[in-house]
Amino acid sequence: MERSEELALADLNLAESIREIARWHRDYRIEEREDLLFVAGFGSFPIGYGNSVIALGPNTVEDPERALALADEFFAALGRGYTLWIRGHLDKDLEEHAKKIGMPSLSDMPGMWLDAPTPERPLAEGLVVAQAKDVEALSRLAAIEAGSYATTGLPPEACEAVFAMPERLLNPYTVVAIGHADGQPAAAAIASLSNGVAGVYWVATLPEARGRGLGESCTRLVGNRALELGARGVVLQASSHGEPIYRRMGYREIGRYRWLAKGPPDGPKPSP
């Protein structure tokens, strides 16, 4: 597959996964205007998937000033700030305009692609990873994700809101892995299938269980299962912590994705 096709599929899966994550909330808003996707969830927390905007078109945004004016309008009506997703291969002009008006850059992530299943690696004694196939198993997600992402600054209540309705993840296009350490839920990963590929999101490990390969094993399970289900590839946007692990698993970089942020109207600006 050509790199341009991989990037196009990765972009499509990212946009659909942002929509899907919004649909897991009790209350959410999804709107598309002028090849832009606006999503509101997570309550008022402005950083990450929950309140975000991403360009959808396969070309450079023609009018970056107009694009951000539309984003400001959408989120100001909710009294919220937001995250602007930048596709490094397409959104240079949009990024430059956002920086010009003072939006700080918060994240620079490699977009990574996996072509083939990753070999299994044995887990240490006391560690177990399995696919979550019912609501009872999926109900463990909220505590794992909140406990893990609290160390990145994501408020637990915002994270818990995403997974408040675990039944919404019980569908044929979402694969969830839960890892247990010494009988306790401690890690998770989610694969969301769309547009012929699968995207891996919400890889999480509780602080006390880190360094034992549990998160990696969850990521391996959802990626391999997605390929078994017919995905042409598996994509993700890697954190600095996760990138070396994903490279070891066989993921390779195909592009870059960045976050820029804007605080709520008349509120403090997000820190870079």
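The values are calculated or read from the model by the stated rules, or taken from the named source; none is laboratory data. The structure presented is a predicted model; accordingly, all values stated were derived computationally and were not measured. Please note: Cβ atoms are built from the backbone with ideal geometry, for glycine as well, and neighbour counts cover all protein chains shown.
Only one of the numbered conditions (1) aliphatic (A, V, I, L, M); (2) modelled with pLDDT of 95 or more; (3) under 16 Å from the mean Cα position of the chain (by Cα) is violated by residue 137, and that is (3). Annotation: of all residues in the stretch 34-55 being hydrophobic (A, V, I, L, M, F, W, C) and touching a residue at least 60 places away in the same chain (Cβ under 8 Å), the one that is farthest from residue 72 (Cα to Cα) is 42.
If you scan the stretch 154-189, which residues turn out to be part of a helix (DSSP H, G or I) and within 22 Å of residue 226 (Cβ to Cβ)? Correct list: 162, 166, 167, 168, 169. Pairing residues of the stretch 188-207 that are at positive phi with residues that are acidic (Asp, Glu) and crowded, with 24+ Cβ neighbours inside 10 Å, at Cβ distances under 7 Å and at least 6 apart in sequence or on separate chains, gives no pairs at all. Candidates 136, 145: the one that is assigned to a helix (DSSP H, G or I), surrounded by 13 or more Cβ atoms within 10 Å (Cβ to Cβ) and free of Cβ contacts under 8 Å to residues at least 60 places away in the same chain is 145. In the stretch 166-180, the residues that are within 21 Å of residue 215 (Cα to Cα) and in the same structural domain as residue 193 (by TED's automatic domain parsing) form Cβ pairs under 9 Å with partners that are of a type in the set (Lys, Arg) and surrounded by 22 or more Cβ atoms within 10 Å (Cβ to Cβ), at six or more places apart or across chains, as follows: 177/220. With respect to (1) farther than 25 Å from residue 162 by Cα; (2) part of a loop (DSSP other than H, G, I, E, B), the lone exception for residue 66 is condition (2). Every condition in (1) in contact with a helix residue (DSSP H, G or I) (Cβ under 6 Å, 6 or more places away or on another chain); (2) without any contact (Cβ under 8 Å) to a residue 60 or more places away in the chain; (3) surrounded by 18 or more Cβ atoms within 10 Å (Cβ to Cβ); (4) in the same structural domain as residue 189 (by TED's automatic domain parsing) holds for residue 127 except the one numbered (2).
Quick one: would you say residue 208 is acidic (Asp, Glu), surrounded by fewer than 24 Cβ atoms within 10 Å (Cβ to Cβ) and either modelled with pLDDT under 95 or within 20 Å of the chain's Cα centre (by Cα) (or both)? No: the conditions fail for residue 208. Considering the conditions (1) farther than 21 Å from residue 41 by Cα; (2) without any contact (Cβ under 8 Å) to a residue 12 or more places away in the chain; (3) part of a helix (DSSP H, G or I); (4) among the small types (Gly, Ala, Ser), residue 150 is excluded by exactly one of them, (1). Of all the listed residues (121, 80, 87), the sole one being of a type in the set (Lys, Arg), touching a helix residue (DSSP H, G or I) at 6+ places or on another chain (Cβ under 8 Å), touching a residue at least 12 places away in the same chain (Cβ under 8 Å) and within 26 Å of residue 153 (Cα to Cα) is 87. Looking across the stretch 3-28, just one residue is without any contact (Cβ under 8 Å) to a residue 60 or more places away in the chain, outside any helix (DSSP H, G or I) and surrounded by fewer than 15 Cβ atoms within 10 Å (Cβ to Cβ), and that is 27.
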